[in-house]
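First comes the structure, then the notes that go with it.
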Amino acid sequence: MADVILVLNAGSSSIKFSVFDATGGGLELLLRGQIEGLYTAARFGATDRRGASVGARCKIQSHTFICDGVTIGDGVFVGHGVMFVNDTFSTGGPARGRKELWRETAIGNRVSIGSNATILPVKIVDDVVIGAGSVVTKDITTSGTYAGNPARRL
Ligand SMILES: CC(C)(COP(=O)(O)OP(=O)(O)OC[C@H]1O[C@@H](n2cnc3c(N)ncnc32)[C@H](O)[C@@H]1OP(=O)(O)O)[C@@H](O)C(=O)NCCC(=O)NCCS
């Protein structure tokens with residue numbers, strides 16, 4: 001677990017935050033984001049140097065989990081209860097801490113992810129909408145609206 005410094009900037013109904021790694025004599029920005037709602041259970045993975053990153057002007061709603069290895073672009077909206085996954089059980093079960101088995105996810109700019117979507121380790125290009133409750137199992141390489149399990153272009 002990296003030493004992290006969490007900087008909170010609380011507004012009336014949202015919290016802006018930055019997470020910095022404080023090891024190595026300097027500060028390295030691991031994560032920046034905004035959580036809506038007073039009683040949020042959003043959690044962010046910052047458990048090793050790979051961390052996660054959230055771009056500028058993003059909105060992350062409550063009960064979302066952003067795990068290590070996730071990169072989110074600018075102007076992205078993530079609805080409530082969105083689960084990012086980095087362990088695909090590639091060996092037939094959980095990686096059990098073997099981080100070399102974790103895979104990465106890259107979300108482009110201006111992507112909107114509907115509530116309760118699950119995002120497996122994929123790349124999603126700019127200007128994509130993901131429907132509520134969708135399970136994204138494959139890379140999305142063309143802008144558009146995708147929904148369902150597995151998510152397909154509408
Ligand atoms: C995906 C979405 C953007 C599509 O909206 P739309 O373009 O107006 O689409 P429509 O409502 O016309 O639906 C088109 C088809 O897709 C299906 N569909 C729509 N949303 C779907 C979803 N989330 N999962 C699966 N299928 C979906 C509809 O049933 C319809 O199917 P049909 O053609 O067989 O009847 C919208 O339904 C959605 O899921 N928005 C997410 C909202 C959200 O989570 N907001 C977070 C607020 S905090």
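Every read-out reported here was derived from the displayed coordinates using simple, explicitly stated rules and does not represent laboratory data. Nothing here was measured: the structure is a model prediction, and the numbers come from that model. Note that each Cβ is placed from the backbone with ideal geometry, even for glycine, and that neighbours are counted across all protein chains shown.
Of note:
- Label-point separation, residue 100 to residue 127 (7 Å along Cα→Cβ), nm: 4.1 nm
- Residues residue 153 and residue 90, FRET efficiency given R0 of 25 Å [Cβ-Cβ distance, rounded to 0.05]: 0.40
- Cleavage-rule hits (chymotrypsin sites (Phe, Trp or Tyr not before Pro)) in the stretch 53-154: DSSP loop, at most 11 neighbouring Cβ within 10 angstrom: 89
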